[in-house]
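The values are calculated or read from the model by the stated rules, or taken from the named source; none is laboratory data. For clarity, every value in this text was computed on a predicted model and none was experimentally measured. Here the Cβ is made from the backbone with ideal geometry for all residues, glycine too, and neighbour counts use every protein chain on show. Please note that ligands, DNA and RNA were not included when accessible areas were found on the heavy atoms of the full protein model with its side chains. Shrake-Rupley method; radii C 1.70, N 1.55, O 1.52, S 1.80 Å.
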Amino acid sequence: MSEPARRPPARAALSSGSDRVFQILILGLASVIVLVFVLSVYQLGREAWPALRTFGWHFFTGRTWNPVGGTFGAASMIAGTLVTSLAALVISVPLAVASALFVAEYAPKWLANPVGYLIELLAAVPSVVYGLWALFVIAPVLGRWQTAYFLDPTNLPTITRCNNLWAEGQTSLQCFFVPTGAGGRGLALAVIILTVMILPYTASVARDVIRLVPQDQREAMYALGATKWEVISRAVLPYARAGILGGVILALGRALGETLAVAMVIGDSQEMIRSLWGNASTLASVIANQFGDAQEALHRSSVVALGLSLFVLSVAVNFAARWIIARLTPKGIQ
Amino acid sequence: MMRAAAVPSTRPRARLSPARRLKNLLMGALILLATLLVVAPLILIFVYLLREGLGALNLDFFTRTPAPEGEAGGGLLNAITGSLEMLAMASVIGVLVGVAGGIFLAEYPRHPLMPTVRMLSDVLAGIPAIVMGLVAYGLIVLKFGFSGLAGALALGFLMIPIVVRTTEEVLKLVPLSVREAGLSLGLPRWVVILRIVLPAAAGGIVTGVMLALARVAGEAAPLLFTAFGNSGVNFDPTKPMSALPLEIYRGATSAYDENQRLAKAGALLLITLIFVTSLLARRVSRRK
């Protein structure tokens, strides 16, 4: 073997034809992804157009959603979507981060894996099953509490005052927490069920970034005599902050689009929210409840316009999450 | 993880002030409590469905269609067959496009279209399922009416991003040297990808497909106005079709005890299947 064999790259040249066919095939199938996106935008845009043209910006600011009168303003559903999603986020974040800390920092390995797995299963429970459970198990409990509130004579002045305020079309912060109906359905139940549903998304992202915090961050603090909590609060969490925030915003995206569980429990009222215990609706819940029955063209178009709003909102939130994870994560965590 | 074990036991514990020690203990207890709170709903839901639904999971449940509103008896055969049919059809779209998308992202990273495909598959992952239902409605139902095919299309679209993501990730785990070995033998690139790289990543791809199936098997929202539901067993994909999540939704919001009972049994069956699928998916990926 004194001389290296010099072969011309004949085989490569021979195979280039079939390679090209394969690449075109793969590219063609992968382009379906682009096609699905383009078709979605086109479909939603085309069908939402009549409503958007008729009402203009008023579609988003108008408070009246009246299929009979032919007036469609989505302000109460936008408010419902934002209030339920943000409230669920505020409650779920501390719980999710705590459970992530338990799995990544506290639990021994034999316990960490099963607990982490249970949290992942929480994300696998279908929306309708959450809805069913909320309707049959939690709603009656809340309903009993509401009934007890109304039966308690000491609450009568508050109830009267708030009813008067609401009758005049006014709201106040204190009245926001006064129950309005009975039976447990409403905004509060939607918040509770959304909280449970988005927990696993934040928790699993938080767990992953916490596990990626370099070990010497922790050891340096321990060497200074810090307690476990001090290590977590000053060396682990600040380091994992950006990743956790990204997970929180991904969970927000889920909350905004969550449909059937919310549609089943929120009470489906298109009036502006005035109480945490009142009936309300979200963009997604109105699509689920009304699209099938929307006979009239403008009603149908308005419901699709809600879908388009939800589409734009979800895409924006997802981009924000990705941007935060990409930009703010310290090097070495990606 | 037992990180504390790495700390030398000669740590000057005595110098810890009671306040700091108390705070440490308190936060540890809170974290344990929060974890219990997070896991509790899962256990509560499963126990509730076992208690309420197990009795209804009899032979009738699997072999009969729902009785007329309010009457006793019947089962969810229509929903079980409908779910299986739609998932099978959705898999054709989801697996074909998803795996091809994953191959494209992992094996042709310098293609000018690659960043667009990557970005849009991420965007698709974040689109709410009900919006996909609206899209499938506009594409198929407006022209051809409610059908199992329209429902399957919506579910297939929802599967794509999950399969793309996992396929891309596992393909990237296959060492470059494996590809180089194949190419140096003179094999064309497509043979290397199909015969060497894909089999090496098969476990991970199967995991992704199973996770995607588990995810869309529970979706009812996009089926409300595409597959629409059907009280009878239907094998014609151009006609309305039922699905387990649809029947759970109808039953749970029904006023009749009998429908509620079927819904609970259906929910128990559905989450059991989903949990088993996720467990198996985990097994498959761990074996690789």
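For chains A and B, what's the summed buried accessible area, probe 1.4 Å, to the nearest 100 square angstrom?
Numbers: alone 19120 and 17000 Å², together 28410 Å².
Using a 1.4 Å probe on protein heavy atoms, the buried area is about 7700 Å².
Only counting protein heavy atoms at a 1.4 Å probe, give the residues of segment B:49-70, ordered by number, whose accessible area falls by 50 Å² or more when the other protein chains are present relative to the chain alone.
none
Using Cα pairs closer than 8 Å and at least 6 residues apart in sequence, work out the relative contact order for segment B:150-214, in percent.
Reported relative contact order: 50 percent.
Given the convex hull of the Cα atoms of segment A:66-186, what is a quarter of its surface area in nm²?
Here the figure is 11.4 nm², rounded to one decimal.
Find the percent of Cα-Cα distances in the protein assembly as shown that exceed 34 Å, and round it to a whole number.
Summing the P(r) of the protein assembly as shown above 34 Å gives 49 percent of all pairs.
What number, in percent, do you get for the relative contact order of chain B if the mean sequence gap of Cα pairs under 8 Å and at least 6 apart is divided by its residue count? Each step should come with its number before you reach the end.
Values: 398 pairs, mean separation 72.9, N = 288.
Once divided by the residue count of chain B, the mean separation gives 25 percent.
Run lengths n ≥ 4 of DSSP H only: what is the helix-derived mean residue ellipticity at 222 nm for chain B, with -39500 (n - 2.57) per run over all residues, to the nearest 500?
-22500 deg cm²/dmol
Which distance in nm do the two modelled labels at A:Leu298 and B:Leu96 give, with both placed 7 Å along the Cα-to-Cβ direction?
4.3
Taking only the Cα atoms of chain B, how large is their convex hull per residue, in Å³? Before the final figure, lay out each step's value.
Details: hull volume 63.5 nm³, N = 288.
Each residue corresponds to 221 Å³ of Cα convex hull volume.
Across chain B, where is the longest run that never hits GluC sites (Glu not before Pro) in a DSSP loop with at most 16 other C-beta atoms within 10 Å? Working shown, then result.
On the way: sites that count: B:Glu69, B:Glu71.
The reported range is B:72-288.
Taking the simple approach of a point 7 Å from Cα along Cα-to-Cβ for both B:Val276 and A:Gln170, what is their distance in nm?
Going from the B:Val276 label point to the A:Gln170 one covers 6.1 nm.
Using a 1.4 angstrom probe on heavy atoms only, work out the carbon and sulfur share of the accessible area of chain A in %.
64
Using unit Cβ charges (K, R positive; D, E negative) and no other charged atoms, how large, in debye to the nearest 20, is the dipole of chain A about its Cα centre?
Values: 23 positive and 16 negative charges, 170 e Å.
Computed about the Cα centre, the dipole is about 820 debye.
Report, in order of residue number, the helices in chain B meeting two criteria: a C-alpha extent of 30 Å or more along the helix axis, and a mean Kyte-Doolittle hydropathy of at least 0.0; treat each whole DSSP H run as one helix.
Correct list, ordered by number: B:18-53, B:77-107, B:148-173, B:257-287.
Only Cα pairs within less than 10 Å get springs; with that Gaussian network setup on chain A, which residue of A:Ala79, A:Ala30, A:Ala98 has the largest fluctuation?
The residue that fluctuates most here is A:Ala30.
Given 10 Å bins starting at zero, what is the percent of C-alpha pairs of chain A in each, up to the one with the largest pair distance?
Each 10 Å bin holds this share of Cα pairs: 5, 19, 23, 21, 16, 9, 3, 2, 1, 0, 0.
Run lengths n ≥ 4 of DSSP H only: what is the helix-derived mean residue ellipticity at 222 nm for chain A, with -39500 (n - 2.57) per run over all residues, to the nearest 500? Let's see the in-between values first.
Details: 14 runs with 231 residues, N = 334.
After summing the helix terms and dividing by the residues of chain A, the value is -23000 deg cm²/dmol.
Report the residue, chosen from B:Val92, B:Val178, B:Val164, that carries the largest GNM mean-square fluctuation when chain B is represented by alpha-carbon nodes joined by springs under 10 Å.
Maximum fluctuation in the GNM of chain B, among the listed residues, is at B:Val178.
Cα centroid distance between segment A:193-244 and segment B:222-288, in Å?
37
Please identify the helices of chain A, taking whole runs of DSSP H, that span at least 15 Å along their own axis as judged from the Cα atoms and have a mean Kyte-Doolittle score of -0.5 or higher.
A:10-55, A:75-101, A:109-124, A:139-151, A:156-167, A:187-212, A:237-257, A:297-328
For chain B, what does the accessible surface come to per residue with a 1.4 Å probe? Please give it in Å².
Details: 13150 Å² over 288 residues.
Averaged over the residues of chain B, the accessible area is 46 Å².
Would you rank A:Leu29, B:Leu185 by solvent-accessible area, highest first, keeping every protein chain in place and using a 1.4 Å probe?
Largest accessible area first, the residues go B:Leu185, A:Leu29.
Mind running the shape call on segment B:28-78? Use the C-alpha gyration tensor, a ≥ b ≥ c as the square roots of the eigenvalues: rounded below 1.5 for a/c, prolate if a/b tops b/c, oblate otherwise.
Cα axes put segment B:28-78 in the prolate bin.
Taking 8 Å as the Cα distance limit and 6 or more residues as the minimum spacing, I'd like the relative contact order of segment A:133-233 as a percentage.
33
Can you give me the accessible area per residue for chain A, using a 1.4 Å probe, in Å²?
46
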